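Below: one structure, written as C-alpha cells.
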Amino acid sequence: MSQKDFGALYVFGVVAPYKKTRIKAAALHRLLSVVMITLLGVFLLLFLLRDDSITDIDSSEKISKFRGKFKLPKQNELSILLEKRNELPPRNMDLYPNLAKDHIVIVLYVHNRPQYLQLVLNSLSKVVGISETLLIVSHDGYFEEMNKIVEDVKFCRMKQIFAPYSPHIFPNSFPGVSLTDCKDKDDPTKNNCRGNHDQYGNHRSPNIVSLKHHWWWMMNTVWDGLKETHQHSGHILFIEEDHFIFPNAYRNLQSLKDLKPGKCPNCYAMNLAPCDVKSRGEGTETLVAERMGNVGYAFNQTVWRKIHKRASEFCFFDDYNWDITMWSTVYPSFGSPVYTLRGPRTSAVHFGKCGLHQGHGAKGACIDNGLVKIKVEEVDKIANIKTNWEVNVYEQQAGYQAGFRGWGGWGDKRDHQLCLDFAIMYNLGGTSYRFLKSF
C-alpha cells in the first residue's frame, strides 16, 4: 500500500480506530504508572509513619527490653471510673461554643493543694483572652476538694482529666504501697520484701514518684490521647497550681509565638517567666533566649515528638523530679542548646512556699496567713512585648546540666516500666494513636 493510499484510508476513517486504540493504550499505561507511583507513595508514607512511631519509643536497647512487657497495673474501681471521666466532653461549651483560631491550649497540672489551686484559678480568671481557649486541668489522682474547686470554673471552656494510675488511688498495691514493698533502706533478702533501691540505697516512696509519673502521663495523654488535643498543631501552655498568672500572660504568649520563627528560629519553646524562679525579669527592652524554665512553658507537637523519642532517657534517669530529669538528660540528648523565648518582664510567678506533699495540713500552712501577696502593676495588665525588640541570648547559665547523676528516688524497675507503659499506651502496634484517629 502506497503512502498516498494510506493517507486516503486515514482520511476516510479506516485507520482511525487503530490509532485511537494506540492512544487509549498509551493513556491507560500512563494512568497505571500514576496509580502505581501514588500507591508506592502511600505505602512509603505509612512505613515512615510506622517507623516514626517506633523510633519515638525505641531510643535504646533498654526500652526494647521493657516494651515486650507492656502491661499497665490492674485497675481498681476508682481507676476505671476516672479513666471513663477523662472521656467526658469539656464543660461550659454552652457559654463558649467556639474557640479562637490558632488558640493556645492551657494545661494546669495539680496535686492536692486546694489553697494554691484557688489562687491560680483566680489569677487565670483575670487573664485577657482566657475565654478564647480551652483549659485542661490534670489531676494527680482524685481529691474531692480539688475536684469541686475546678468544677466551679466558668470563665472559659474547661476539661478535667485524672491520672488513673496515680499512686494516690492505689492504697494497697503498686503504683501505691504494697504490704510486701521494701521501705527506706531495707535489704530485700533480709527483710523478704520487694523493690529496687535507687543510687543512694533508698527504696521508692509512692508520694514522691507520683510527681514524675503524673507529668509524663499528662504529657502523653494531652499530646497523643485526648481527642480535644491530639491533633492540635499549635502550642500548648503548661502551668502548675502554684503559678500565679498575670493578666497579660496569654496576649504576651501569643506575641512570643508569632515572633519566635523570625526572632529565635532555634528556640524550642516560649516561657512566661525567667528560668530563675526568683527573678522578675530584666526590665529591659529586649527579648530573652535562655534555657527552658519550668514556670509557664509552651511548645508544640514537633518539640513533643523530640521529647517522646527520649522516653528511655526520661524513664531510666534516677531522679523523681520531671524537670531535673529533662535538664540533666533529655535536653542534652538533643545535641544543641535548648533555648526558650520570653519577654524581659515576667508574666507568671511561682508563689509556692513548700513542696507538693507538705501543703495539705492546717489551713495556711504553706501560705502566709492563708494569703499570697503578688503585686500586679498596670504594665502587667496589658501586652507589653514589642515586635521591634532584639533578642539577648544567655549562652551560659547556672543550673542542672548533663552529667548530673540525679537526686534519686527513682530506682525501682516497676516505676521504669510504668513510665515506659505511659509512653506507648497510645502508640501500640507500631501505629500512632493520632494516625488511627484520622480515619
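Residue check: is residue 71 surrounded by fewer than 14 Cβ atoms within 10 Å (Cβ to Cβ), farther than 29 Å from residue 296 by Cβ and not β-branched (Val, Ile, Thr)? Judged against the criteria, residue 71 is a match. Residues that are surrounded by 19 or more Cβ atoms within 10 Å (Cβ to Cβ), farther than 26 Å from residue 77 by Cβ and within 17 Å of the chain's Cα centre (by Cα) do occur in segment 205-220, at least one of them. Restricting segment 274-304 to residues that are among the small types (Gly, Ala, Ser) and within 18 Å of residue 331 (Cβ to Cβ) leaves a set whose member that is surrounded by the fewest Cβ atoms within 10 Å (Cβ to Cβ) is 289. Per the listing 248, 220, 196, the residue uniquely touching a Phe, Trp or Tyr at 6+ places or on another chain (Cβ under 8 Å) and either in contact (Cβ under 8 Å) with a residue 24 or more places away in the chain or of a type in the set (Asp, Glu) (or both) is 220. Considering the conditions (1) open to solvent by 50 Å² or more (accessible area, probe 1.4 Å); (2) in a loop (DSSP other than H, G, I, E, B); (3) at pLDDT below 95, residue 386 is excluded by exactly one of them, (3).
Would you check if residue 162 is touching a residue at least 12 places away in the same chain (Cβ under 8 Å) and more than 23 Å from the chain's Cα centre (by Cα)? When the stated conditions are applied, residue 162 does not pass them. For segment 408-439, filtering for residues that are touching a strand residue (DSSP E or B) at 6+ places or on another chain (Cβ under 8 Å) and either surrounded by fewer than 16 Cβ atoms within 10 Å (Cβ to Cβ) or at pLDDT below 95 (or both) leaves 0.
Residues in segment 145-186 that are under 13 Å from residue 78 (Cα atoms), open to solvent by 40 Å² or more (accessible area, probe 1.4 Å) and touching a helix residue (DSSP H, G or I) at 6+ places or on another chain (Cβ under 8 Å): 1 in all. Checked against (1) open to solvent by less than 20 Å² (accessible area, probe 1.4 Å); (2) closer than 24 Å to residue 405 by Cβ, residue 197 passes all but condition (1).
The values are calculated or read from the model by the stated rules, or taken from the named source; none is laboratory data. Computed from a predicted structure; not experimentally measured. When we count neighbours, we look across all protein chains shown, and the Cβ atoms used for this are built from the backbone with ideal geometry, even at glycine. Side chains are part of the model used for accessible areas, which takes the heavy atoms of the whole protein and leaves out ligands, DNA and RNA. Shrake-Rupley method; radii C 1.70, N 1.55, O 1.52, S 1.80 Å.
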